[in-house]
Number of protein chains: 2
Amino acid sequence: MVASRAVGYPVNLDFNYDALGHLQQFSINNAGDPFIAGNYGVHSRDFEVGVLDWFARLWEIKKDEYWGYVTSGGTEGNLHGLLVGREMFPDGILYVSKEAHYSVFKAARMYRMNCVKVETLASGVIDCRDLKDCLLKNKDKPAIINISIGTTVKGAIDDIDLVVQTLEECGFPRNRFYIHCDAALFGLMLPFLDRAPHITFKKPIDSVCVSGHKFVGSPMPCGVQMVRIEHINVLSRNVEYIATMDTTIMGSRNGLAPVYLWYALNRKGYNGLKKQVQNCLIIASYLKDRLRGAGVSVMLNELSSTVVFERPQDEEFIRYWQLSCQENIAHIVVMPNMTKKTLDTFLDELVEKRSIRFKDGKNQPPCVASDIGKENCVCPLHI
Amino acid sequence: MVASRAVGYPVNLDFNYDALGHLQQFSINNAGDPFIAGNYGVHSRDFEVGVLDWFARLWEIKKDEYWGYVTSGGTEGNLHGLLVGREMFPDGILYVSKEAHYSVFKAARMYRMNCVKVETLASGVIDCRDLKDCLLKNKDKPAIINISIGTTVKGAIDDIDLVVQTLEECGFPRNRFYIHCDAALFGLMLPFLDRAPHITFKKPIDSVCVSGHKFVGSPMPCGVQMVRIEHINVLSRNVEYIATMDTTIMGSRNGLAPVYLWYALNRKGYNGLKKQVQNCLIIASYLKDRLRGAGVSVMLNELSSTVVFERPQDEEFIRYWQLSCQENIAHIVVMPNMTKKTLDTFLDELVEKRSIRFKDGKNQPPCVASDIGKENCVCPLHI
């Protein structure tokens with residue numbers, strides 16, 4: 001299978017969907033709100049609501065307290081969450097770390113929102129000291145905060161509690177902020193790690209989204225977006241929104257995706273997923289250790305399966321392994337379908353390429369201290 | 001097949017996609033711009049560009065003069081086209097007929113655009129006299145116009161030439177307006193009708209979108225969005241957009257959809273599609289005649305396959321046939337998978353229901369003159 005080499009992308013193909021193949025003979029369309037029945041009969045709303053209920057339990061919000069839908073991917077989740085935030089606070093300022101997913105910046109532009117880019121620490125998490133400075137400069141405006149539960153490049157997990165504490169310290173009461181959690185990558189993984197901070201609606205967060213084609217392994221891009229129902233009610237009361245009878249972004253929506261999600265979640269089960277998450281973290285740790293052992297600058301954030309390392313110098317090698325790179329660094333996102341054996345092959349090739357490149361001392365490994373911190377850099381200066 | 005009863009929705013299931021069933025074992029993701037290669041290897045960009053080239057020929061724009069992508073449906077096409085329009089003219093006013101698809105109004109709200117609702121004629125087309133009044137009131141602001149090539153309810157086709165003429169009469173030069181054509185339903189049908197006005201980029205239009213799950217018959221919601229390349233270049237020169245490296249709305253995109261579209265277009269071929277379109281119009285005309293013959297108020301716009309008629313009074317009947325209704329009217333959108341036989345069954349049942357309801361003269365058929373015009377209404381007042 002071609003995708004097994006795509007180590008740079010959080011794509012999971014560990015699952016056999018053959019049983020669902022015949023569904024393509026139907027044109028399954030979940031148009032509009034999953035909780036409002038339409039006249040078009042070929043839909044999978046029951047599966048969709050089943051998936052939503054599953055995530056509601058995971059993220060600790062009661063059935064009658066949430067609203068949500070299965071999206072076409074992480075981007076639509078962010079577009080929806082930030083739109084709800086803006087509608088709640090039309091003059092609110094969007095605070096987002098500079099390492100957040102690019103769709104957040106795209107949303108800010110689409111929605112004509114004031115957007116403040118917040119600094120990050122070397123790990124990739126939002127720098128709450130800088131967030132504090134930014135918030136204090138704009139105390140007169142409500143705050144809309146995007147929290148990354150797994151940044152795109154470094155898999156860094158912003159600390160919800162610290163962000164909330166920062167808001168409190170800056171004098172923002174609960175009715176003056178909206179928090180959207182972009183949990184595209186780790187929204188399904190984090191809840192299965194005992195020592196991880198919970199993604200829970202018991203905290204003062206307002207919306208959460210997760211991708212369905214990453215850890216869950218749906219064969220098509222999709223995702224789940226969940227928001228407190230009172231916010232959607234605020235939107236629905238608006239006459240213009242009622243006219244559309246539709247609180248989603250996309251209107252017509254792929255009805256196959258909820259079936260794939262429902263099937264995967266139920267076949268794997270809570271314990272199966274938990275085991276897979278734990279295994280990913282073990283393999284990620286193994287990969288980090290082996291890279292470090294081979295003299296490669298490398299970083300692995302706690303509770304993360306994204307291994308960040310010095311960008312290989314060989315473009316063909318990058319293409320072959322479908323590595324995702326950003327300037328001096330590359331990453332591998334360990335997913336359930338990634339085996340030690342595949343990674344060993346990758347490592348052997350990488351080590352060989354490096355030994356040729358660096359053998360006569362003319363070339364030196366690049367410094368990546370500014371990307372992943374001095375402590376993780378083993379360039380000649382920092383070794 | 002359940003969908004064969006969904007006569008109220010433009011869903012086409014005339015095609016056998018069994019040959020593509022195995023593709024679900026891959027996670028095909030066309031992330032971002034279809035013309036910019038990414039590192040992720042499991043994509044269907046070649047099919048996507050093939051589909052785009054096909055539509056470029058249909059809509060008469062050269063390969064090197066267009067940019068486009070396969071969307072998740074008609075809504076994403078409208079969201080993209082109107083966003084490009086707004087970015088071209090940040091202070092532009094959006095003019096849209098009140099019978100346009102609701103996603104246009106949703107876009108206006110999302111994008112914080114000034115939106116002027118233009119009146120329609122009884123047929124459902126934009127009233128260019130009202131458009132003129134509206135334009136003249138706002139001559140100081142550029143105009144962003146949404147043209148419906150097939151309105152949702154009545155299948156009405158706005159007249160591009162008349163809209164352009166109205167703009168000229170109001171003193172809007174070419175560099176002061178942007179025209180987006182929402183051709184979700186008829187973008188693929190109209191070009192196959194000899195006497196139909198062309199959807200062509202030789203006219204001063206800027207973007208066109210069409211749905212892929214309607215006439216083409218993709219089993220999942222999708223669509224095609226096409227825009228003049230110079231507009232995308234304007235966007236791309238913007239630093240913030242370059243930062244995202246992505247001029248689509250959705251980012252991660254379903255890579256199966258372009259394969260389905262490519263397969264359907266190439267298997268059916270130009271002549272096959274032409275025959276299907278002509279057949280749809282013949283059947284729509286048959287349906288209209290039979291309804292009129294049965295004493296039902298009915299309207300069928302020229303070049304349209306959407307038959308609009310008096311809303312049946314029986315909710316169970318509406319649900320069974322999955323009719324799409326709006327206030328006093330219902331419609332049937334004749335698609336290639338809809339047979340005379342199915343429609344005969346529908347008609348027989350409808351006639352029977354009506355004969356029972358109206359037999360003793362206590363109930364009267366409703367007046368729908370304000371919906372579809374006096375000349376199409378056969379209520380006791382207008383008969």
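The values are calculated or read from the model by the stated rules, or taken from the named source; none is laboratory data. Treat the numbers as computed from the prediction; the structure is a model and nothing was measured. Here the Cβ positions follow ideal geometry from the backbone for every residue, glycine too, while neighbour counts run over all protein chains shown. Calculation scope for accessible area: heavy atoms of the full protein, side chains included, ligands and nucleic acids excluded. Shrake-Rupley method; radii C 1.70, N 1.55, O 1.52, S 1.80 Å.
Overview of results
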{"read-out": "For A:10-21, mean number of other protein chain Cβ atoms within 10 Å", "value": "2"}
{"read-out": "At 7 Å out from Cα toward Cβ: A:Asp348 inter-copy label distances (nm, ascending)", "value": "7.1"}
{"read-out": "Farthest positive-ward along the protein assembly as shown dipole, Cα basis, beta-carbon charges - from A:Val51, A:Phe15, A:Pro173", "value": "A:Phe15"}
{"read-out": "Virtual paramagnetic centre 7 Å along Cα→Cβ of A:Lys139, amide N under 18 Å, in segment A:99-133", "value": "A:129-133"}
{"read-out": "Interface area, B with A, accessible, probe 1.4 Å, both sides summed, Å² nearest 100", "value": "5200"}
{"read-out": "Student exercise, chain A dipole from Lys, Arg, Asp, Glu Cβ charges, in Debye to nearest 20", "value": "300"}
{"read-out": "Solvent accessible area, Å² - B:Ile36, 1.4 Å probe, full protein context", "value": "80"}
{"read-out": "Cα-based reach from B:Lys274 at 13 Å (exclusive), listing aspartates and glutamates while leaving out same-chain residues under 8 positions away", "value": "B:Asp194"}
{"read-out": "Total formal charge among the other residues, if their Cβ is under 11 angstrom from that of A:Thr75, Lys/Arg +1 and Asp/Glu -1", "value": "-2"}
{"read-out": "Exercise: per-residue mean of other protein chain Cβ atoms within 10 Å, B:104-112", "value": "5"}
{"read-out": "A:Thr345, A:Thr75, ranked by accessible area, largest first (probe 1.4 Å)", "value": "A:Thr345, A:Thr75"}
{"read-out": "In Å², nearest 10: area of B:Trp262 left accessible to a 1.4 Å probe", "value": "100"}
{"read-out": "Over chain B: helical MRE at 222 nm, DSSP H runs n ≥ 4 each giving -39500 (n - 2.57), nearest 500", "value": "-11500 deg cm²/dmol"}
{"read-out": "Lysine pairs meeting the criterion (Cα under 19 Å, 8 or more apart or interchain), as found in segment A:15-268", "value": "18"}
{"read-out": "Label-to-label distance, nm, for residues given as A:Glu315 and A:Lys359 (7 Å Cα→Cβ offset)", "value": "2.4"}
{"read-out": "Average beta-carbon neighbours from other chains, 10 Å sphere, peptide A:316-322", "value": "2"}
{"read-out": "Computed over segment B:263-380, Cα set: Rg, Dmax in Å", "value": "15.6, 55"}
{"read-out": "Hydrodynamic radius by Kirkwood, which averages 1/r over all alpha carbon pairs of the protein assembly as shown, in angstrom", "value": "27.5"}
{"read-out": "Ascending list, in nanometres, of distances separating the A:Pro380 label from those of the other copies (7 Å, Cα toward Cβ)", "value": "10.0"}
{"read-out": "Helix runs (DSSP H) in chain B reaching 18 Å along axis by Cα, Kyte-Doolittle at least 0.0", "value": "B:45-58"}
{"read-out": "Sites excluded, trypsin sites (Lys or Arg not before Pro) in DSSP loops with at most 16 other C-beta within 10 Å, longest stretch of chain A", "value": "A:203-358"}
{"read-out": "Heavy atoms of A:His382: accessible area, 1.4 Å probe, square angstrom to 10", "value": "50"}
{"read-out": "Radius 14 Å from Cβ of B:Asn138, net charge of other residues (Lys, Arg +1; Asp, Glu -1)", "value": "+2"}
{"read-out": "Equivalent-ellipsoid semi-axes of segment B:15-268, from the Cα gyration tensor, Å, largest first", "value": "31, 21, 15"}
{"read-out": "Computed lengthening from B:Arg129 to B:Asp46, 0.36 nm per intervening residue step minus Cα-Cα distance", "value": "25.4 nm"}
{"read-out": "Nearest-first distances (nm) between copies at A:Asp140, label 7 Å from Cα via Cβ", "value": "2.6"}
{"read-out": "The protein assembly as shown, dipole about Cα centre (Lys/Arg Cβ +1, Asp/Glu Cβ -1), debye to the nearest 20", "value": "320"}
{"read-out": "Per residue solvent-accessible surface (Å²) - segment A:15-268, probe of 1.4 Å", "value": "34"}
{"read-out": "Solvent-accessible area, 1.4 Å probe, carbon plus sulfur percent, for chain B", "value": "50"}
{"read-out": "Counting DSSP beta bridges with both ends in chain B, the antiparallel % (nearest 5)", "value": "60"}
{"read-out": "Accessible area, probe 1.4 Å, largest first, for residues B:Asp314, B:Asp46", "value": "B:Asp46, B:Asp314"}
{"read-out": "Label-point separation in nm, A:Asp194 to B:Arg176, each point 7 Å along Cα→Cβ", "value": "7.2"}
